[in-house]
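The values are calculated or read from the model by the stated rules, or taken from the named source; none is laboratory data. In this text, all values refer to a predicted model and were calculated from it rather than measured experimentally. Neighbour counts run over all protein chains shown; Cβ positions are idealised from the backbone, glycine included.
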Amino acid sequence: MITKLFNFHGGVKPDPHKAESADAPIRPAPLPPMLVVPLRQNARSQAHCIVEVGDKVLKGQRVGDAEGMLGTAVHAPTSGTVREVTEHPMAHPSGLSTHCVLIEPDGRDEWVERTPLDYLKAPRAHALAFLRDAGIVGMGGAAFPSHIKLGKGSGIDTLIINGGECEPWITCDDRLMRERAEGIMAGARILFDLIGAKRVVVGIEDNKPEAIDAMRTASAGLEVPAEVVAVPSLYPAGGEKQLIRVLTGIEIPHGKLGSEYGVQCFNVGTALAVHRAINFGEPLISRIVTLTGNVARPANYEVLIGTPVEALLPLAEPRPDTDRFILGGPMMGFALPDLRVPILKGSNCVIAASPALFPSPQPELPCIRCGACARACPADLQPFELYWYARSRNFGKAQEYNLFDCIECGCCAFVCPSHIPLVDYYRFAKSEIWARERDLMASDKARERFEFRNFRQEREKEEKAARLAAKAAETKAKLATREPAEDNLAAVPSTEAEDPKKALIAAALARAKAQKAVVAPRNIDIDTLSPEQQAEIEAIDARRKSSANAPEAPGKAPADSSPPAQVPATESDEATRQ
Amino acid sequence: MIHSPYVRKPASVQTVMLTVLLGLVPGVAAYVWQIGAGILVNLAIAGISALAAEGLILRLRNRPIRPAVTDLSALVTAALVVLCIPPIVPWWLTTLAVFIAIVAGKHLYGGLGQNPFNPAMVAYCTMIIAYPSLMSQWPAAGMLDFDTQLKLILGGARELDAITGATALDTLRTGLRAGTATVESVLQHDNFGFFGGRGWEWIAGAYLLGGLFLLMRGVITWHMPTAFIVALAVVSGIFWLSHPAQFASPAFHLASGGAMLAAFFIVTDPVSGATTPLGKLIFAAGVALIAYLIRVFGAFPDGIAFAVLLMNMCVPLIDMKTQPRVFGHREGPSR
């Protein structure tokens with residue numbers, strides 16, 4: 001039983017704006033003309049494409065295999081034909097493209113064969129692989145692979161189901177809890193078994209009484225100790241670490257997973273996806289998306305993953321003065337750089353923004369160190385110090401003041417009376433630090449490469465020296481055995497033969513001499529010429545002599561025996577050529 | 001803004017400064033009631049001087065004038081300067097003090113948010129060193145009517161002894177220094193009321209009221225006023241209990257001089273003060289301790305201004321050494 005709730009430091013209460021869409025029941029969104037299924041579902045891994053252009057795929061058929069430690073599979077959200085496997089803009093502030101499978105729906109929405117898993121009988125590793133291959137990732141936004149979060153299956157005391165949904169405007173989890181509470185709790189039950197928890201705690205912000213009631217009813221039917229706790233509505237109470245803190249008092253430091261602290265947290269949508277995957281064999285191919293803001297018909301739609309945002313927007317009828325669309329909530333979301341981007345597994349809300357709803361901020365004034373940001377910071381940071389250090393590019397100091405514990409929730413910028421875009425400064429500082437670390441890594445690699453090259457050259461030199469020494473020793477040994485037999489060739493005294501170098505030189509000299517002896521006589525030995533060779537030489541000599549018009553033949557030339565008639569012919573030849 | 005958060009709380013520097021000005025209203029009202037309306041003239045002179053100084057220096061610095069003038073921070077500085085100095089100083093002294101606060105105390109360091117020292121205290125300290133006698137003439141309650149005050153403010157001839165006296169703190173110290181008197185006998189003097197200076201104790205109460213308003217509005221936190229008041233009470237209490245004949249009671253010290261103004265409006269200046277929760281406690285307690293020592297053993301009428309400047313110097317160190325524990329970290333960052 002949770003008898004006492006804990007506080008996290010800070011937090012803010014922005015205008016919730018939940019009423020706009022909270023009463024709109026979940027409806028299926030119509031099939032778009034083309035689905036853009038990204039192979040990359042999170043920043044850490046990309047699935048390996050296993051379909052080709054032209055392939056017919058069925059609803060739920062795997063199109064991408066999990067690759068890497070943090071990889072999960074990707075599936076076709078409906079039946080149709082693979083039209084393209086190409087780069088496509090992604091739902092990311094940068095608007096950069098990633099590899100996507102473009103599927104044209106055939107309208108039949110025909111399922112692939114679905115096989116549920118009896119996870120209690122199957123080995124645990126099998127169940128985790130099953131979830132990985134069903135593409136189950138965290139649906140609260142970060143899309144972290146759920147099978148990794150399930151860890152080693154022991155040491156977890158509390159399984160937390162996150163129904164916080166603290167960001168303004170978003171109601172998808174609220175609707176999900178109201179309408180599909182049993183499915184969520186069934187999924188929670190599976191996660192409970194797989195993670196080996198001792199209890200289940202569902203945390204829901206107390207501004208969602210209907211969801212709390214529905215979840216309480218559903219949790220009553222569960223055979224495991226489960227409890228639904230209303231937590232105070234205070235942004236960011238739905239942040240994983242903040243919710244864990246509120247419910248259990250445990251603080252999970254930056255860069256750590258809850259499993260190291262005996263607690264693990266899953267979003268309500270993730271729990272439902274686990275239920276659908278294990279009990280029905282359905283991979284994760286759709287999610288609930290809230291369409292709200294400056295629209296005529298705020299709504300919650302069940303949307304196939306890969307549906308382009310531009311195909312969804314007409315359903316909510318954005319008003320004409322809408323100037324941009326925000327994906328996610330207004331505190332942590334981002335304005336979409338391109339409306340062709342697809343809905344991902346972590347995309348929970350699209351807000352139509354207008355200058356009236358989200359006015360542009362007043363001009364930035366100097367920081368007066370009033371400390372409002374520090375009082376609002378849920379990570380207990382001193383945001384204005386981080387701001388000074390980020391602004392002066394003193395990144396080392398910023399890190400010393402725990403820049404990376406910042407969760408970019410936006411509370412500090414929300415309260416700042418000087419209207420400083422504080423979070424932007426932290427994002428800037430973080431990316432600068434990452435860039436520097438990358439540079440450092442690159443230069444480390446270059447240095448290693450250089451050092452290895454030096455090492456290799458040194459090694460080769462040594463090897464060569466060793467080789468030469470071995471050869472010299474060999475030669476010396478050879479010389480020692482040969483000396484008595486070939487003393488005519490070894491023109492060195494035997495005492496000097498003991499020196500390997502001298503022996504080597506002597507051997508080389510001897511070899512050269514021997515070679516000379518073989519080659520030289522052949523060139524100069526006139527006596528051994530055959531009569532044909534002799535005749536040819538004489539002919540050549542005669543030609544040379546006459547062409548040079550030499551009146552006298554060189555004395556040492558052999559007797560002139562060539563026919564004189566040939567000479568004028570040669571001369572006339574020369575004349576005609578000139 | 002291109003990036004999140006896309007929503008903002010309707011807060012601004014202007015609102016913060018306006019709240020501080022509103023918080024000063026009870027104190028000023030009590031001032032008018034007890035001492036006279038001359039303070040309003042001074043406030044007007046100081047306000048105009050502050051805006052003029054701000055506009056002039058921004059022009060010299062080639063900075064946009066409108067946002068800085070409309071943020072009301074100059075008016076807060078002006079009001080604090082006026083409330084720290086005697087109410088009957090000549091107009092040029094007020095103007096000079098405000099110029100020193102705005103130009104030297106604030107803009108020479110880079111303007112709003114950049115000054116390491118509390119500008120009003122810089123002005124006060126400069127003035128008390130430059131014009132010790134003018135800065136020591138504090139009328140007791142009901143001593144001067146508005147016409148006389150106005151005449152003095154506008155530069156009329158000053159028959160000092162007849163019209164003004166020293167503050168309660170001064171009287172007490174000089175009385176005790178003479179060696180013949182005890183606290184008991186000095187307190188029989190005309191200058192004293194129930195706890196502190198006659199009339200001034202009401203003003204101190206009004207400052208407290210205004211300070212509570214600031215607390216309620218979240219402009220200041222409880223740390224500084226509490227630490228200041230507790231530290232002043234404790235240190236004066238220790239001396240008082242050990243030698244009641246020689247040292248005044250904590251109630252006297254809290255109700256006298258600028259103690260309440262300092263507790264809620266001076267030490268709480270965010271720009272030049274400590275910012276961490278523990279740092280705020282250390283900072284305010286340090287101010288109270290040093291102020292007490294200067295009050296009792298020093299040569300100036302009140303020691304708060306010097307104490308604030310001395311503690312301002314320690315702020316970077318205090319902040320560095322008192323960083324709060326970050327979420328998930330077992331203990332504070334090790335530095």
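Things worth noting here:
The rows are residues; the columns are (1) within 14 Å of chain B (Cβ to nearest Cβ); (2) at pLDDT 90 or above; (3) closer than 26 Å to A:ASN279 by Cα.
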site	(1), (2), (3)
A:ASP15	yes, yes, no
A:PRO33	no, yes, no
A:ALA47	no, no, yes
A:GLY64	no, yes, yes
A:THR72	no, yes, yes
A:HIS75	no, yes, yes
A:THR81	no, yes, no
A:SER94	yes, no, no
A:PRO116	no, yes, yes
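- Residue match in region A:413-430 (condition: of a type outside the set (Lys, Arg), within 11 Å of chain B (Cβ to nearest Cβ), assigned to a loop (DSSP other than H, G, I, E, B) and under 25 Å from A:THR292 (Cβ atoms)): yes
- Residue count for region A:5-19 satisfying the condition of being surrounded by 21 or more Cβ atoms within 10 Å (Cβ to Cβ) and outside any loop (DSSP other than H, G, I, E, B): 1.
- Qualifying residue in region A:136-148 (condition: touching a Phe, Trp or Tyr at 6+ places or on another chain (Cβ under 9 Å), under 17 Å from A:ARG287 (Cα atoms) and part of a strand (DSSP E or B)): yes
- Residue count for region A:147-167, restricted to those that are among the hydroxyl-bearing types (Ser, Thr, Tyr) and modelled with pLDDT under 90: 1
- Test set (1) part of a strand (DSSP E or B); (2) of a type outside the set (Phe, Trp, Tyr); (3) over 27 Å from the mean Cα position of the chain (by Cα) - A:HIS99 fails condition number: (3)
- In region A:17-35, the residues that are under 21 Å from A:LYS59 (Cα atoms) and touching a Lys or Arg at 6+ places or on another chain (Cβ under 8 Å): A:ILE26, A:MET34
- Counting residues in region A:133-140 that are buried (at least 24 other Cβ atoms within 10 Å of the Cβ), of a type outside the set (A, V, I, L, M, F, W, C), away from chain B (no Cβ under 14 Å) and in contact with an Asp or Glu (Cβ under 6 Å, 6 or more places away or on another chain) gives zero.
- Residue in region B:253-270 that is surrounded by fewer than 21 Cβ atoms within 10 Å (Cβ to Cβ) and of a type in the set (Ser, Thr, Tyr) present: no
- Failed item in (1) in contact with a Phe, Trp or Tyr (Cβ under 6 Å, 6 or more places away or on another chain); (2) hydrophobic (A, V, I, L, M, F, W, C); (3) closer than 22 Å to A:GLY140 by Cβ; (4) facing another protein chain (nearest Cβ under 10 Å), with A:LEU336 passing the rest: (4)
- Extreme residue, nearest to A:GLY138 (Cα to Cα), among residues of region A:232-248 that are within 12 Å of chain B (Cβ to nearest Cβ) and assigned to a loop (DSSP other than H, G, I, E, B): A:GLY239
One line per residue, one yes/no per condition, for (1) part of a helix (DSSP H, G or I); (2) among the aromatic types (Phe, Trp, Tyr); (3) on the phi > 0 side of the Ramachandran plot; (4) more than 14 Å from every other protein chain (Cβ to nearest Cβ):
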residue: B:VAL89; (1), (2), (3), (4): no, no, no, yes
residue: B:THR94; (1), (2), (3), (4): yes, no, no, yes
residue: B:ALA97; (1), (2), (3), (4): yes, no, no, yes
residue: B:ILE100; (1), (2), (3), (4): yes, no, no, yes
residue: B:GLY142; (1), (2), (3), (4): no, no, yes, yes
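- Applying the condition of being of a type in the set (A, V, I, L, M) and over 30 Å from B:VAL219 (Cβ atoms) to region A:413-442 and asking which residue is surrounded by the most Cβ atoms within 10 Å (Cβ to Cβ) yields A:ILE433.
- Some residue of region B:319-331 being part of a loop (DSSP other than H, G, I, E, B), within 20 Å of the chain's Cα centre (by Cα) and buried (at least 19 other Cβ atoms within 10 Å of the Cβ): no
- Being touching a Pro at 6+ places or on another chain (Cβ under 8 Å) and of a type in the set (Phe, Trp, Tyr) is a property that holds for A:PHE414.
- Close pairs from region B:290-316: first among the basic types (Lys, Arg) and assigned to a helix (DSSP H, G or I), partner surrounded by 19 or more Cβ atoms within 10 Å (Cβ to Cβ) and modelled with pLDDT of 90 or more, Cβ under 8 Å, at least 6 apart: none
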